[in-house]
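These notes concern the structure reproduced below.
The values are calculated or read from the model by the stated rules, or taken from the named source; none is laboratory data. Note that the structure is predicted; figures quoted are calculated from it, not measured. So basically every Cβ, Gly included, is an ideal-geometry build from the backbone, and we count neighbours across all protein chains shown.
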Amino acid sequence: MTKLQKRKHRGKGLTLPITKTPLLTLIIFAIGFGAGYFYYEDQLPAVFSSETEAPKINICFSPEGQCEKLALFAINQAKKEILVQCYSFTSKPIANALIEASRRGVSVKVLFDRSQLKAPYSQIHNLTKSGIKTKVDYVQGIAHNKVIIVDQSKLISGSYNFSAAANTKNSENMLVRHEVAEWNVSNKRKELNV
């Protein structure tokens, strides 16, 4: 092929109808996307579905929402067990409520991020000294969960750290869900190694 023939041949390769009809392109994309979406929706694990009908949920937003009071109320009502998983734990009122619950005979266990071993206002040492079972969560990154499970019936979770800053300064949220699914509790027990 000569240079002139090559120049004339350039751009005359395979032409797809996609380049000529945008509507056809959109239709092909929509069919492919829809097929993939509906296929994978059926493949989601059961963890994402709820077996209960409309459980009661309390929602709080800080700093004005007094989320700490909501957590304290749930902790103070505990009869048997409190499981805690936390990132930042500097709240003296929440620590004191957990210590008091332990003194009442409630089993209290706390799984915390390793940063709390050296954090200036961490309450982990106070909890440990009071006899509460504590354990460091040595995940590769940070243990960023903020969870309290009370008597296998209430799940407290959200962005809210158990800290004074979360209660008085930061924009945070807390959800208290009643009627906790059993898998939540058994997973937390495994993480706490109890």
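To keep it simple, each residue is scored yes or no on (1) surrounded by 22 or more Cβ atoms within 10 Å (Cβ to Cβ); (2) in the same structural domain as LEU175 (by TED's automatic domain parsing); (3) at pLDDT below 85.
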{"residue": "LEU72", "(1), (2), (3)": "no, yes, no"}
{"residue": "ILE75", "(1), (2), (3)": "yes, yes, no"}
{"residue": "GLN85", "(1), (2), (3)": "yes, yes, no"}
{"residue": "PRO93", "(1), (2), (3)": "no, yes, no"}
{"residue": "ARG104", "(1), (2), (3)": "no, yes, no"}
{"residue": "PHE112", "(1), (2), (3)": "yes, yes, yes"}
{"residue": "HIS125", "(1), (2), (3)": "no, yes, no"}
{"residue": "VAL147", "(1), (2), (3)": "no, yes, no"}
{"residue": "VAL150", "(1), (2), (3)": "yes, yes, no"}
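Might you let me know whether segment 166-179 holds any residue that is over 17 Å from LYS80 (Cβ atoms), at pLDDT 90 or above and in a loop (DSSP other than H, G, I, E, B)?
There is no residue in segment 166-179 that is over 17 Å from LYS80 (Cβ atoms), at pLDDT 90 or above and in a loop (DSSP other than H, G, I, E, B).
Of the residues making up segment 119-139, those that are under 22 Å from the mean Cα position of the chain (by Cα) and either among the aromatic types (Phe, Trp, Tyr) or not in a loop (DSSP other than H, G, I, E, B) (or both) are ILE124, THR134, LYS135, VAL136, ASP137, TYR138. Consider segment 153-165 and keep the residues that are hydrophobic (A, V, I, L, M, F, W, C) and touching a strand residue (DSSP E or B) at 6+ places or on another chain (Cβ under 6 Å). The one that is modelled with the lowest pLDDT is PHE162. Figure legend. Inter-residue proximity from segment 142-165: first residues part of a strand (DSSP E or B), second residues aromatic (Phe, Trp, Tyr) and buried (at least 17 other Cβ atoms within 10 Å of the Cβ), beta-carbon distance below 6 Å, spacing 6+ or different chains. Indicated pairs: PHE162/PHE89.
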